[in-house]
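These notes concern the structure reproduced below.
The values are calculated or read from the model by the stated rules, or taken from the named source; none is laboratory data. All figures in this text were calculated on a predicted structure; none of them were measured in a lab. Cβ atoms come from the backbone with ideal geometry, glycine included; neighbour counts cover every protein chain shown. Accessible surface areas use protein heavy atoms only, side chains included; no ligands, DNA or RNA. Shrake-Rupley method; radii C 1.70, N 1.55, O 1.52, S 1.80 Å.
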Number of protein chains: 6
Amino acid sequence: MFSVTIRDHIMIAHSLSGEVFGPAQRLHGATYVVDATFRRAGLDADGIVVDIGRASEVLRAVLSELGYRNLDDEAEFADMNTTTEELARVIAERLADRARAGALGEGARELDGLLVTLHESHVAWASYERPL
Amino acid sequence: MFSVTIRDHIMIAHSLSGEVFGPAQRLHGATYVVDATFRRAGLDADGIVVDIGRASEVLRAVLSELGYRNLDDEAEFADMNTTTEELARVIAERLADRARAGALGEGARELDGLLVTLHESHVAWASYERPL
Amino acid sequence: MFSVTIRDHIMIAHSLSGEVFGPAQRLHGATYVVDATFRRAGLDADGIVVDIGRASEVLRAVLSELGYRNLDDEAEFADMNTTTEELARVIAERLADRARAGALGEGARELDGLLVTLHESHVAWASYERPL
Amino acid sequence: MFSVTIRDHIMIAHSLSGEVFGPAQRLHGATYVVDATFRRAGLDADGIVVDIGRASEVLRAVLSELGYRNLDDEAEFADMNTTTEELARVIAERLADRARAGALGEGARELDGLLVTLHESHVAWASYERPL
Amino acid sequence: MFSVTIRDHIMIAHSLSGEVFGPAQRLHGATYVVDATFRRAGLDADGIVVDIGRASEVLRAVLSELGYRNLDDEAEFADMNTTTEELARVIAERLADRARAGALGEGARELDGLLVTLHESHVAWASYERPL
Amino acid sequence: MFSVTIRDHIMIAHSLSGEVFGPAQRLHGATYVVDATFRRAGLDADGIVVDIGRASEVLRAVLSELGYRNLDDEAEFADMNTTTEELARVIAERLADRARAGALGEGARELDGLLVTLHESHVAWASYERPL
């Protein structure tokens, strides 16, 4: 099994609902350093998992829908906590949607899985992994 | 599959028995930067894998039983080499015990797996992974 | 010249005023990984620059006044942009105040300088440095 | 499941064939920071996955066949693109060959898998994983 | 004194002349992770050292003149070894030229110094520092 | 001003005397990731600060006198605490001695300064800096 990972980041504001979050119930924010991993059993004719240039553009596009925003004000997140885990899932789902729509090229239709990791600090990170 | 990882560290002294260890047969020591990863198929009602605050406290408690000690003097390690691999296993077992005892909260009873990685330097690390 | 550095972090929300900031004029947030460096020409009788335990507590105390907050709502920042550069200065000033007040111990009165670096992502960071 | 990872690096020149590579079709180069992970269900009598000293020497030997070279001039790569993904596979195959030949010791014959990751920059890396 | 640092990277091929370089006398290559630090005694009216967006564009422009090339073929380097140290100097000089030409904005004319660090691997890096 | 830095590491056991050290008064240990920085106003005829190969060997030689040992048993440290700060100084002094003795080559006699940083964990490090 092969994989390729690219790194980018977003900076957002949000608050989290629930006593378990303690002071993070207040409006605060985070830089998420985002690692998107694309998995594939074999390589394409060029010898790659996915075109890194296109993958980087697609990841940037997905992140730009979220970045420099207060997620508490985004209608799409009205019914959920925007925890690091949930945001990893949201980003993975959006990358999967775009891959299926062809944004990563024809070869990317043969991707076997996606892993998205969000680093919220030097001591904590969360991941979501799914087949494609 | 979701996961959350938290990082902490310990500093210990020990020696390793066996010719394979060369100069590490002498009493020496290590800083282990410890990454504890908690895995779970779904998220709880708050949108998390595990309460990071509680998980950090539990990890700190497990590590404080080991840190600032000469492991050669600890009765529990009398019959084993305290290699990085073995210590990763010991820490994972102790985290699993505490999770089962409820220290991570009720939701944590639904954890599917644990992965513990100990970084012994910038060029070497070891992991132990187990289901829960 | 000797120095000791300790690392901690904060997560905050804020917005920045001025066209130069582009989308960062919107309410967003950041994780700042904070490195506080204490400088001293010589060591004390124990062979240290500063008690790392005390320094960590003082840094944590200074950061806890800022963390998990929307800095736009804090009166003390009403007249300034809370840029990474300015926050590095604010944290350094507060560490200096506490050092002068004795929170780092008597020996810390001999500190020669302070350097505070805030990492806002894996590709950008800012520092403020001053003598003591 | 246990694993041990060791890190080393190589510096090579190469070019990549195919429009997808854009400017990387020109002769350029890369530092690959190489992480070799050895996996094993149980530990040996010494409490280790593999002798880190021997594993480091074997990895260094494999890398020295590639390093400080223009891979475009190497006959073995005449029919392939030396992408990060392909080089991860080549290094893993060569490590597997040497493990099977006994270079990692008798115990290493019980290794269950290999994972090789090549970091080509701070924002991109690729991996190849295989059973043994 | 304040500073802001931004990180980017380039991938180049080259060879080095002189017995001291051993196998690096052969054509090989490197990824340089480049940190450009801008220093300034005070902040501008917006509370910044330099506009990070503009500085990132300028750094990218300077690096794009070097990246994905065989530096042995570049006329400008015909009379010198393109060591990590020399490339750090070249990049710093070009950033200084662009700063003086106004590419970083009017405020950047008050910059006091520049530091450029090139990381050639996880175990070696070089820097060049100069006043402005 | 130019500089070149190389990274290596040591693993040692020791204890620290003095109430300020709390649990670190017990015998424990540390991995120190050691960064040795060589500074020089100009480059030599080859375009380098120092031969990285020789500098790496010299650093390794200095570290091998300390590594895989219990520093409490070393006569040379009988009268001092082997704090991270003191060890940074010891390593810098020994590098300076070897540079003066010609171990880094003739060109290295023009070095202007040395900086040694010891990382004791992901959240704490200490440095010692001196002219040459």
Checked B:Thr5, B:Thr37 against criteria (in contact with a Leu (Cβ under 6 Å, 6 or more places away or on another chain) and of a type in the set (S, T, N, Q)); the one match is B:Thr37
Where E:Glu129 falls short, out of the listed (1) in contact with a Ser or Thr (Cβ under 9 Å, 6 or more places away or on another chain); (2) in a helix (DSSP H, G or I): (2)
For the structure I just gave you, tell me whether E:Leu59 is in a strand (DSSP E or B) and touching an Asp or Glu at 6+ places or on another chain (Cβ under 6 Å). no
Within segment A:41-49, can one find any residue that is under 30 Å from C:Val33 (Cβ atoms) and not aliphatic (A, V, I, L, M)? no
Number of the condition not met by D:Glu76 [criteria: (1) of a type outside the set (Ser, Thr, Tyr); (2) assigned to a helix (DSSP H, G or I); (3) under 13 Å from the mean Cα position of the chain (by Cα)]: (3)
So, in segment D:22-46, how many residues would count as being of a type in the set (Phe, Trp, Tyr) and assigned to a helix (DSSP H, G or I)? 0
If I filter segment A:6-21 for residues that are more than 7 Å from every other protein chain (Cβ to nearest Cβ), open to solvent by 40 Å² or more (accessible area, probe 1.4 Å), in a strand (DSSP E or B) and not hydroxyl-bearing (Ser, Thr, Tyr), do I get at least one hit? no
Checking the structure you have, find out if any residue of segment F:39-56 is within 14 Å of chain B (Cβ to nearest Cβ), farther than 26 Å from B:Ile10 by Cβ, surrounded by fewer than 20 Cβ atoms within 10 Å (Cβ to Cβ) and of a type in the set (Gly, Ala, Ser). yes
Test: E:Val62 is more than 14 Å from chain F (Cβ to nearest Cβ) and either free of Cβ contacts under 8 Å to residues at least 40 places away in the same chain or open to solvent by 10 Å² or more (accessible area, probe 1.4 Å) (or both): yes
Considering only residues that are aliphatic (A, V, I, L, M) and more than 7 Å from every other protein chain (Cβ to nearest Cβ), look in segment B:22-38 and name the one that is farthest from A:Gly18 (Cα to Cα). B:Val34
Here the residues within segment F:90-120 that are within 14 Å of chain C (Cβ to nearest Cβ) and surrounded by 22 or more Cβ atoms within 10 Å (Cβ to Cβ) are F:Ile91, F:Ala92, F:Val116, F:Thr117, F:Leu118, F:His119
Members of segment A:72-89 found to be of a type outside the set (Asp, Glu), open to solvent by 40 Å² or more (accessible area, probe 1.4 Å) and touching a residue at least 24 places away in the same chain (Cβ under 8 Å), listed by number: A:Arg89
Residue within segment F:70-80 that is touching a Ser or Thr at 6+ places or on another chain (Cβ under 6 Å) and farther than 17 Å from F:Thr5 by Cβ present: yes
For segment D:80-106, name all the residues that are modelled with pLDDT under 95 and out of contact with any helix residue (DSSP H, G or I) (no Cβ under 9 Å at 6 or more places or on another chain). D:Ala101, D:Glu106
